[in-house]
Structure formats: structure tokens, C-alpha cells
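The values are calculated or read from the model by the stated rules, or taken from the named source; none is laboratory data. This structure is a prediction, so every number in the text was calculated from the model and none was measured. Every residue, glycine as well, gets a Cβ built from its backbone with ideal geometry; the counts of neighbours run over all protein chains shown. Areas reflect the complete protein model, heavy atoms only, side chains present, ligands, DNA and RNA absent. Shrake-Rupley method; radii C 1.70, N 1.55, O 1.52, S 1.80 Å.
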Amino acid sequence: MCSVSAQLRPDAPGRTDVELLLPAALADVVDGRRLLSLRPGAEPGRRDAGAAESTVADVLALLQADYPGVYRRVCDETGNLRRYVNLYLDGEDIRDLDGMSTVLPDRAELLVLQSIAGG
Amino acid sequence: MDAVPKAMPAAEPAAGRHGVATVLAIGTRKGLWLATSSDRRNWELRGPEFPMTEVPSLAFDARSGTPRLLAGVRSEWWGTNVAISDDLGRTWQEPEQAAIAFPEDTGASLERIWQLAPDSTDRPGVVWAGCEPISVFRSEDGGKHFELVRGLWDHPHRTQWGAGYGGPAAHTVLPSPSDDSVHVAISSGGVYRSDDRGGTWDAFNSGIIADFMPEKYPEFGQCVHKVARDAGNPQRLYAQNHGGVYRSDDGGGQWLSIADGLPADFGFVMLAHPTRPDMIWTIPLGSAGERNPPQGRPAVYRSVDAGGSWERFDAGLPAYDFNAVLRDAADVDDADPAGIYFGTRGGEVYASADEGESFTLVAANLPDVLCVRAVAA
């Protein structure tokens, strides 16, 4: 789920941006930009016991807040990835990881691609 | 509002004062085309808009000034939204937030917008949307933002409604021009009516057969394909059913067969003349097991006596065509004489400038036509 988390602080100092790479079809809705930098509040890659970790869902929550036109094309209103949208974390499909709960490593790169659906 | 990417320059409607040019919007499985004509016989075609995007619903909202064109657009990748053009297709805007979205507590997500229906001139900002999964939404701001009609979503019958072949949808929304009633048709759930603008709903299917169910005349569950309202009597409705063609003279309280005189009682289309009482059109298809023009001979059937009798018209139509016409792939304009338009799943679009008596080809070789809407501009 991509619900907005109260712990997110996009302007928090010392955090590493997550790079969200967009396909051309989505770049058109953000003035041609192919890369969005998003900074979740929790430190990416942190694994300390009890520490908050940033997940894919956290990044998508930021996307929802800052770029709703991109978000609604990537996720439906239940918060799930759309059926024919794939999201790769450093080259791996998040569906093959922990989905929305996948914890982000430091300097994560998320790549949005549409699948080869249709005829 | 987002600007919408285009594959090629937008259509440029023929210049002219209101009523001089006709604009025909053609929604297909893969994109939107716009055709313009000054005589409804010779057409200029431009498109596609919205490449790789399904356009199953269109509406011209002509209640004030330049008609607003609303398009229910659906990408297999990027989801569904309402796109709006206030300049007859030259430019398009989509709200940044989805125009139609299910509230979180429903756990549902919008699949497809089957119907966009501007309300009467007395309710200038109100637009209704019939959607999949089965639901109705209402906008108060001309189609930029819609709210779920909770009365229908929470209806106790909802869990028992089925899915038509095209998906579980409220495909027809008919707000009354004369009172607070609204009719909705559902495949497969039947006809429902609200008398309080959507607050509460009851099934109105008495007399409509459901020959695919053990009980042939259930309270609900019928697969009604399209409902249209008579121009002269708001209580008179016409329905093309999944097997059966009907008329009701009491707002859906009782339905009577008007299928006699038609070559088949299956089909999707039902059109009513916008100003002339008792004039209607349908486009029959073979039985539910065929779903093509009977014997491959497409024709439009017109009645001028509210379904008491029917007359066949096929001038200008192909002698051999096995492509169906879907429920919203037909429209009637408000000119005099009225124009009739329809598109096929084979991608051909036809127009009639003489109330359906003869047709000319508007376009061919398009993707499956899902929706056509015409307006004088």
C-alpha cells in the first residue's frame, strides 16, 4: 500500500535521495523529466533494531504527495501497482522482492516501466 | 490539470457558427478520432488522439457555450481518467488527481468509465458517470471531479449483480429532465431507479426476461444492454435487452415487449429522437449465440410509433458485414432532421442525415469502435 506515512519528511537533512526513473510516456506529465528525486524521511539502508526504514511504499507516498499525476498512473486508488506497471529496485522487480514493503538500500534507484501488454 | 500527450496534431473542427458544422467523436479500442462535416455526408477525419488508449465513453456537454467534450480514457498501463476538451478536441486537459476514484473504504479501483452523461440544463454542472466495477459517480463541476453515489454502491443487491461479457458495469445513466429520478442500467443487474437523485435505488425490471437464469423473470439480474428515454414523455423508456426489446410507459414500473417486427431481439443499441416523441432506432444482432448482424446483413431499424412497428433501413450500408455495433457506438444528434451515427467492431463508422433512412461512410479501418457522439458546433 502507498498510504502516506507521518514519518516522511521530504526536507529532512542528511537523507539520500531515491532516484525514480520514468518512461517517456510518464515524463510527458512532469514537463519531460525522466528522473525524479525523492527523499524519504527514514534513512535508506538503515537496519538498526527499532529504527524506521524507508520502503518502496514510502517513496510512492512521496510521489503521491508531490507528483499526483505520475502517482495515479503508477498506482490505483487501493495503493497497489497497476497491473501492467513494473517497478524495478536497482534492477529487480519489486514483485520478486517484498513488494511495497521492500526496504530501500542506500542510493536506491527505482525504475518505472510499462510491461509489454496488449496487442 | 495535466496536459495530455498527443500522437499527432489535434483535429481542427470545421469553422462555423453553432449549428453549421457537425462534430462526430469516435472512441475506439485504441484512440479517439474526430470527424467534422458541414452537411453530415462528407466528412473530414483527424486522429488518433490518446494512442494506445481505450475510449469507451464520450459526451458532448452542450448546455452552455462551446460544447465541452468529455472522454473516459483508459490505458491498460496507466489507468482510467476523464479527459476534457473545451475547444472541440484541439487541446485536452486531465485533472492531476483522478477525476473518478473509489473511496479507500470501498477497497475498489476504477477499471473503466462506460458512460458519461451530462444532466439537464437545470443542473448545469452535473455530469453522471457509469463505471466498472458496477458503480455510478456524479460530478457537480462539469466533469473535473466525481463522487461515488453511495446509495447504489451500498445497495444490498450489489453482491449479487453479475458481469456481462464486457465486464461488470453500470453502462447507462439516464437523469430525468423533468423530475429527480435517475435510471441506471447494469450488465448484469438490470434497471434501477432512484427518485431522489441517487440517494436510494430500487430494481425496475418487471417484464424483462433473463433467459440465462433459472428464474426467467427475477426481481433483478437482467442483462439490460441500453435504455433510452422518449422525447415527449419522460416516463416512457425503451430498452434493448440481452434478448428482448421493451418499452415502459411508467418509468420502468412495467416493461412490455416491442420486439415484434424486428429480425432479432438481441442487440446493444437503443436510440430515442431528442425532440420527436415515439421515434426510436435499434440495430439488431443475431441471437446471443451469434451477436452479428442477422445473416451478415447490417441494418438500422426505426420505429415512429414507440415500437409498435419497425421499418428496416440499409441504404449505404455494406451488403455483407459480420461486425457488431456496441451499446454506445451509436448516437443521434439534435438537428432537424436528426442524424444517426454508428460504428462497428470492424472499425467502420456510418452517418445518416435523414433519420436513419440512408447512410454514408465516415471512416473505415479504425480499431473497434466503442463509442460515438455527435454535436452541432
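At a glance:
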{"read-out": "The range B:186-270: C-alpha gyration tensor shape, a/c 1.5 cut-off, then a/b vs b/c", "value": "oblate"}
{"read-out": "Computed accessible area, B:Thr275, all protein chains, 1.4 angstrom probe, square angstrom", "value": "100"}
{"read-out": "Within chain B, helix-based [θ] at 222 nm, where runs of 4 or more DSSP H residues each add -39,500 (n - 2.57), nearest 500", "value": "0 deg cm²/dmol"}
{"read-out": "In the B-A interface, the accessible area buried, summed over both sides, Å² (probe 1.4 Å)", "value": "1800"}
{"read-out": "Kirkwood estimate for chain B, i.e. one over the average of 1/r between Cα atoms, Å", "value": "20.3"}
{"read-out": "Loop sites in the range B:340-377: GluC sites (Glu not before Pro), DSSP, at most 16 other Cβ within 10 Å", "value": "B:Glu357"}
{"read-out": "Candidates B:Asp196, B:Asp278, B:Asp314, ranked by Gaussian network fluctuation over chain B, Cα under 10 Å, top entry", "value": "B:Asp196"}
{"read-out": "Spin-label pair B:Asp87/A:Ala65, simplified geometry with 7 Å Cα→Cβ offset, distance in nm", "value": "3.6"}
{"read-out": "Separation between Cα centres of the range B:304-377 and the range B:278-294, rounded to whole Å", "value": "13"}
{"read-out": "Accessible surface, the range A:18-114, averaged per residue in Å² (probe 1.4 Å)", "value": "43"}
{"read-out": "Qualifying chymotrypsin sites (Phe, Trp or Tyr not before Pro) in the range B:151-191, DSSP loop, other Cβ atoms within 10 Å at most 15", "value": "B:Tyr165"}
{"read-out": "Accessible area of the range B:229-322 divided out per residue, in Å², using a probe of 1.4 angstrom", "value": "38"}
{"read-out": "Relative frequency of Cα-Cα separations exceeding 19 Å in the range A:18-114, percent", "value": "35"}
{"read-out": "Shielded by partner chains, the range B:56-80 residues - at least 30 Å² of accessible area, 1.4 Å probe, vs chain alone", "value": "B:Glu76, B:Trp77, B:Trp78"}
{"read-out": "Nearest-10 value in Å² for the accessible area of A:Tyr67, using the 1.4 Å probe", "value": "50"}
{"read-out": "Protein-protein interface of the range A:57-77, residues with accessible area decrease of at least 50 Å², isolated chain reference, 1.4 Å probe", "value": "A:Pro68, A:Arg72, A:Arg73, A:Glu77"}
{"read-out": "Calculated from backbone phi, Karplus (6.51, -1.76, 1.60) coupling profile of the range B:331-343 in Hz, x at Gly/Pro", "value": "7, 10, 8, 10, 7, 10, x, 5, x, 10, 9, 7, x"}
{"read-out": "Whole-Hz couplings from phi, Karplus 6.51/-1.76/1.60, listed for the range A:68-80; x for Gly and Pro", "value": "x, x, 7, 4, 5, 7, 8, 10, 7, 6, 8, x, 7"}
{"read-out": "Protein accessible area in the protein assembly as shown, 1.4 Å probe - carbon and sulfur %", "value": "47"}
{"read-out": "Gyration tensor (Cα) of the range B:260-377, equivalent ellipsoid semi-axes in angstrom", "value": "20, 18, 12"}
{"read-out": "Amide hydrogen neighbours beyond the local backbone of B:Cys223, cut-off 5 Å, H modeled", "value": "B:His242"}
